[in-house]
Amino acid sequence: MNKTAALKFPRLATSSKKRALKRITLNLTSDEAQNLEKYCEQTGRPAIDVIRELIQALP
């Protein structure tokens, strides 16, 4: 990796810090799914980003 990429993306510079991923399934009611889809359309963000950000904001 060149120095420019390492400076712009410091997380990519070290491969020793790999995140362990865990897949979950989320069951939503029709209304909840519609609300999420509507929010994603309005903000232009994918549902995974919206959900991940909400989880990260938990205490």
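Taken together, the values in this text are just the output of simple stated rules run on the coordinates, not laboratory data. The structure presented is a predicted model; accordingly, all values stated were derived computationally and were not measured. Note that we place each Cβ from the backbone using ideal geometry, even for glycine, and neighbour counts take in every protein chain shown.
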Rounded to the nearest 0.05, what FRET efficiency do Lys22 and Ala57 have when you use their Cβ-Cβ distance and R0 = 25 Å?
0.85
What does the extension gain come out to for Asp31 and Val50, with contour length at 0.36 nm per residue minus their alpha carbon separation?
5.2 nm
Rank by packing, highest mean first: peptides 35-48, 18-31, with packing defined as the count of other Cβ atoms within 10 Å averaged across residues.
35-48, 18-31
